[in-house]
Amino acid sequence: MKLHSIELKNVRGIEHLVVDELPDRGVVVIAGDNEMGKSTIAEAIHVALSWPAKAERKETKALRPNNRDAFPDIRLDMTLGDTRFVLRKVFAGQRAATATEITVLEPERKELTGEAAQQWLDELTRGEGTRELWDVFVARQGTEQKALQMGSYAKVTAALQEASGGTAETEGQKSILEAALAERALYYTAQGREKAPLKEAREAVEAAETRWAAASERVAQVRDLVEEAKKNDRRRAEVESALPEAEAEVATWRETVAELAEFRHAKSKADDAVTLASVELKNGRQARESRDELIAQEKQAQAALERVAEELVPLREAAEAEVREVDEVEAKVVETRAARDRARRLLQLADDDLTQCANVRKLAELDDVLERVRDLEEEVRDKRRKLAEHRITADDAKRAGDAENEWRTATTVLEASSSELTVSAATEQTVTINGDDVEVGAEPDTRAVTAPTSVRVGDVTVTVTPGDGAGEYSGRAALAKEKLDEILSELGVSSVRRTEEKAKARAVVESELEIARTRLDAELSNRDLADIRETRDGLDADVEAYPAVRAEMIAGWSDNGGGGGDLDVEMPADEDEAQAILDAAKENERTTSGEYEAAMQAAQTMSARPARHELHAKQADEHARIEDVRRAVDALTEARARETDDALAERLAGLESAFDDARVAAEGAARVLVERGAEDADESLAGADAHLQGLRDEQIRLRIRRGALTGELKSVTGVNEELADADAERTRLRRELESITRRAAAAKLLYETLEESRRDTRQAIGEPLLQKLTQYGGAVFGHSTTFELDDGMAVKSRSNATGTFEFDALSGGAQEQIDVLLRLAVAGVMDGGGGAPVIIDDALGYSDPDRLRKMNNAFARAGEDSQILVLTCYPERFSRIADSHRLDMADLLRADG
């Protein structure tokens with residue numbers, strides 16, 4: 001498709017616009033401000049080619065003008081395929097104004113209107129795929145830029161295939177692929193997973209298999225029941241035949257056990273006699289062992305007592321010597337403790353005396369401070385009185401000075417704006433000016449006339465009045481003078497100079513007051529005067545009370561027996577002497593404390609010596625051994641009183657003889673039982689009873705189970721017929737599954753084969769597109785730039801010197817640039833009647849200046865292959881496109897006159 005001219009009337013905000021003589025190739029840039037109708041041009045072309053003039057659609061209604069009673073009128077001069085024609089449409093819906101007019105210029109001229117024109121246009125645009133081409137070749141303003149899916153546009157892919165030297169996909173081929181896809185879709189999802197028909201057929205076979213397996217299992221169960229019934233009958237006959245023999249065996253063993261009862265009783269009595277004799281013999285032997293143990297304990301206690309008595313002799317001698325040494329050490333402890341206590345009292349007394357001397361010094365210092373503070377307070381009060389006398393401040397002086405300056409300035413301005421009076425004389429003369437005699441001569445007397453001025457020379461009086469312009473300044477000077485006089489009167493002075501003198505005198509007094517305050521603060525050192533006085537009174541009370549407290553403390557030490565009588569030390573004369581006495585007392589206290597600690601350590605060492613402790617421990621051991629001897633003798637005496645040693649020995653011999661006799665009798669009874677077979681008679685009887693009872697229990701179980709088997713066999717009928725039906729159904733469903741599986745596999749194989757062929761074809765047609773895209777893209781992303789297309793013929797990735805990046809991973813600006821380049825590349829490959837003009841509506845809004853320059857170069861290259869229309873409100877973006885045609889919307893809108 002090629003556009004030769006465009007004319008719009010009453011389209012949105014456009015009243016009349018004409019774009020003519022458009023070149024078949026090259027870039028045309030149409031620039032204009034926002035809302036001038038640039039995007040409207042593209043939409044008008046699209047709507048005119050896509051919808052009937054009478055269509056009531058949102059697209060056609062959107063072209064109607066605002067605030068005007070008119071209908072969109074669109075005229076296009078264009079070539080579509082081999083046909084050049086002029087199309088005019090008036091979109092008035094169902095109104096009479098609606099019009100569709102077509103003038104065919106090539107290959108043969110003819111004119112069409114109304115429905116015939118629209119039908120002819122529909123057939124032409126459907127054959128050329130105009131709507132699809134429009135979506136490919138128009139980059140609209142404000143739309144999100146994504147990779148174009150070229151595979152979605154059949155007309156575009158067909159044209160690309162022909163451009164690549166191949167044959168375009170026919171409708172028949174496309175129908176076969178779609179039929180294969182439809183057949184495959186009956187059995188598989190798009191992801192290749194099985195769908196319901198296959199799943200249901202397989203599930204039906206599985207269900208049939210399950211029913212057949214269940215029927216087979218039931219037939220097997222019936223066979224098992226029949227076999228079990230036969231085994232039951234055989235075993236029941238065997239049990240019934242074995243019962244008489246088992247009953248006879250039980251009777252035989254019962255007679256044998258009854259005969260052995262008398263011999264077992266005799267054996268039991270003999271065993272009881274052995275047990276009794278054994279217990280009595282054990283008791284006798286324990287009595288003999290206890291007697292022997294008591295005798296041994298008495299001997300051991302006597303021996304231990306004798307050893308302790310021998311060990312006590314040297315311990316008593318060592319303990320007596322140790323006591324004498326302890327007494328000497330304790331005496332030394334008492335002596336050093338007394339010396340230490342006296343030194344501590346002297347130290348306390350010296351410390352208190354030093355504190356008293358320091359308090360006396362501090363009291364004197366505080367008295368001096370308070371005296372200086374009183375003097376400074378009096379000085380501050382005096383300065384405050386003087387300050388009150390000097391009431392004029394620096395601010396007052398400044399206020400008066402400012403008023404005087406204002407008056408002088410007003411006077412100076414007045415004089416400068418007034419006339420001048422000059423009086424001179426050839427010889428020295430006296431004249432009267434305003435009543436004052438003034439000597440004048442050759443040197444003139446000049447003054448400003450700010451008020452009426454009279455000059456009298458002899459009998460002649462001349463009066464000079466100021467000009468009209470001096471009145472305003474005279475009033476200002478008078479007001480300033482009045483303000484100055486009011487301030488001086490308020491301050492009670494006659495002049496500004498006097499005001500300044502008084503202000504300076506006040507400043508001097510203020511400085512002296514500040515100095516006095518600073519000295520007072522320094523003297524107090526951030527202390528409160530009341531606190532100082534309170535501290536001074538407390539020190540005075542302590543100093544006065546200390547002599548009595550000191551004497552009372554010394555007397556108290558004497559009364560308590562602490563050796564205070566020799567502590568009558570005189571009070572030091574001053575603080576230095578008290579410090580010296582304190583240092584000597586500290587040294588004495590350290591010395592006496594050391595001697596006392598040494599004595600105490602010696603006493604502790606002496607107390608830790610073992611002689612006395614060992615003596616005490618051994619004496620306690622002696623008392624324990626004596627008690628052990630007493631208890632052993634008492635226990636042995638008591639036991640012999642109950643039974644003498646000889647009587648115990650005689651009783652033990654009789655018990656041993658009785659035990660031997662009982663044991664011989666029990667062994668004889670046991671031999672008789674063994675000889676008569678009593679060893680396993682009871683076990684044999686129990687085994688025979690268990691065997692008989694087991695046969696009877698098994699007989700009952702077999703009868704019960706046989707009855708149950710008979711009932712189950714009667715209830716199970718027709719299982720063989722059920723198995724045959726299940727097998728037939730299973731065979732039928734297997735065949736159906738094999739049939740549908742083969743059909744699904746064939747559809748899948750056919751579709752995959754056709755789809756693979758289409759992919760190969762698209763890969764082949766993608767080559768020229770990639771070559772053109774690389775040609776244009778190299779100007780933007782570098783000469784080494786390559787692109788990769790996916791199966792849908794969308795840009796999958798871009799590679800250049802910086803690396804390979806997926807399309808979605810690129811920036812928004814790069815994606816937009818590639819989108820525009822792809823449209824240009826498609827147009828370049830489809831050069832000729834099969835293509836369409838590329839319309840770029842204010843794109844590249846995310847491109848930096850360098851990329852814009854490179855995109856301009858790409859546009860220039862693409863313009864050599866295709867017709868490109870750029871609609872923009874930023875013409876500078878596209879100012880570097882070589883050989884481009886530039887049109888201004890304002891000029892196009894004025895084209896009608």
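The values are calculated or read from the model by the stated rules, or taken from the named source; none is laboratory data. Computed from a prediction, not measured in an experiment: that's the story for all the values here. Don't worry about glycine lacking a Cβ; one is built from the backbone with ideal geometry, like all the others, and counts go over all protein chains shown. Surface areas here come from the heavy atoms of the whole protein model, side chains and all, with no ligands, DNA or RNA. Shrake-Rupley method; radii C 1.70, N 1.55, O 1.52, S 1.80 Å.
Simple rule: put +1 on each Lys or Arg Cβ and -1 on each Asp or Glu Cβ in the chain, find the dipole, and look at THR786, ALA182, LEU702; the Cα lying farthest toward the positive end is ALA182.
Average accessible surface for the stretch 18-126: 49 Å² per residue, computed with a 1.4 Å probe over protein heavy atoms with every protein chain in place. One Cα centroid belongs to the stretch 824-886, the other to the stretch 667-741; the line between them spans 97 Å. Semi-axes of the equivalent ellipsoid of the chain are 117, 104, 25 Å, computed as sqrt(5λ) over the eigenvalues of the C-alpha gyration tensor in descending order.
First compute the accessible area of the chain with a 1.4 Å probe, then give the percent of it belonging to carbon and sulfur atoms. Let's see the in-between values first.
On the way: 24960 of 51190 Å².
Here carbon and sulfur together make up 49 percent of the probe-accessible area.
In this label model, ASP33 and LEU186 are separated by 6.6 nm, measuring between points 7 Å along each Cα→Cβ vector.
Subtracting the Cα-Cα distance from 0.36 nm times the residue separation, let me have the gained length for SER489 to THR393 in nm, one decimal. Don't skip to the end; give the middle numbers.
Numbers: separation 96, 0.36 × 96 = 34.56 nm, distance 1.51 nm.
Full-extension gain reported as 33.1 nm.
Farthest toward the positive end of the dipole of the stretch 1-60, out of ALA48, LEU17, GLY32, is the Cα of ALA48, where the dipole comes from beta carbon charges about the Cα centre. What you get for the chain, charging only the Cβ of Lys and Arg (+1) and of Asp and Glu (-1), is a dipole of about 6840 debye around the Cα centre.
Tell me what the chain gives for mean residue ellipticity at 222 nm when only DSSP H runs of n ≥ 4 count, each as -39,500 (n - 2.57), the sum divided by the residue total, rounded to 500 deg cm²/dmol. Display every interim value, and only then the final one.
Values: 20 runs with 599 residues, N = 897.
After summing the helix terms and dividing by the residues of the chain, the value is -24000 deg cm²/dmol.
Past the 32 Å Cα-Cα mark, which pairs from LYS58/LYS772; LYS9/LYS854; LYS483/LYS504; LYS89/LYS796; LYS9/LYS110; LYS89/LYS772? Mind showing how you got there, number by number?
On the way: LYS58/LYS772 37 Å; LYS9/LYS854 37 Å; LYS483/LYS504 23 Å; LYS89/LYS796 41 Å; LYS9/LYS110 25 Å; LYS89/LYS772 36 Å.
Beyond 32 Å: LYS58/LYS772; LYS9/LYS854; LYS89/LYS796; LYS89/LYS772.
For the chain, hydrophobic long helices are taken as DSSP H runs at least 20 Å long by C-alpha position along their axis with mean Kyte-Doolittle hydropathy of 0.0 or more; these are 645-675, 812-829. Round to the nearest 0.05 the FRET efficiency obtained for ALA196 and ASP725 when R0 = 30 Å and r is the Cβ-Cβ distance. Efficiency computed from Cβ-Cβ geometry: 0.65. Cross-link partners of LYS54 among aspartates and glutamates, defined as those whose alpha carbon lies under 16 angstrom from its own and excluding same-chain residues fewer than eight positions apart: ASP73, GLU101, GLU115, ASP122. Would you please calculate the Kirkwood hydrodynamic radius of the stretch 393-535 over all C-alpha pairs and express it in Å, rounded to one decimal? Computed over Cα pairs of the stretch 393-535, the Kirkwood hydrodynamic radius comes out at 19.9 Å.
What number comes out for the charge environment of SER511, summing +1 per Lys or Arg and -1 per Asp or Glu over other residues with Cβ under 12 Å away? So the environment of SER511 carries a net charge of +2. May I ask for the net charge around GLU698, where only other residues with Cβ less than 9 Å from the Cβ of GLU698 are counted and Lys, Arg are +1 while Asp, Glu are -1? Cβ neighbours under 9 Å give a net charge of +3. For LEU260, no residue has an amide H sitting under 5 Å from its own, ignoring neighbours fewer than 5 places away on the same chain, with H placed 1.01 Å from N.
If you take every residue apart from ALA426 with its C-beta less than 15 Å away from the C-beta of ALA426, what net charge results, scoring Lys and Arg +1 and Asp and Glu -1? Can you show the working numbers first?
Details: positive: none; negative: GLU428, GLU439, GLU443, ASP445.
That sum, taken over residues with Cβ under 15 Å, equals -4.
The stretch 290-409 has equivalent-ellipsoid semi-axes of 105, 27, 9 Å, by the square roots of 5 times the alpha carbon gyration tensor eigenvalues, sorted largest first. Counting only lysines at least 8 places from LYS231 when in the same chain, those with an alpha carbon closer than 26 Å to its own are LYS714. For the stretch 712-751, the Kirkwood estimate of hydrodynamic radius, built from reciprocal distances between every pair of different alpha carbons, is 12.7 Å.
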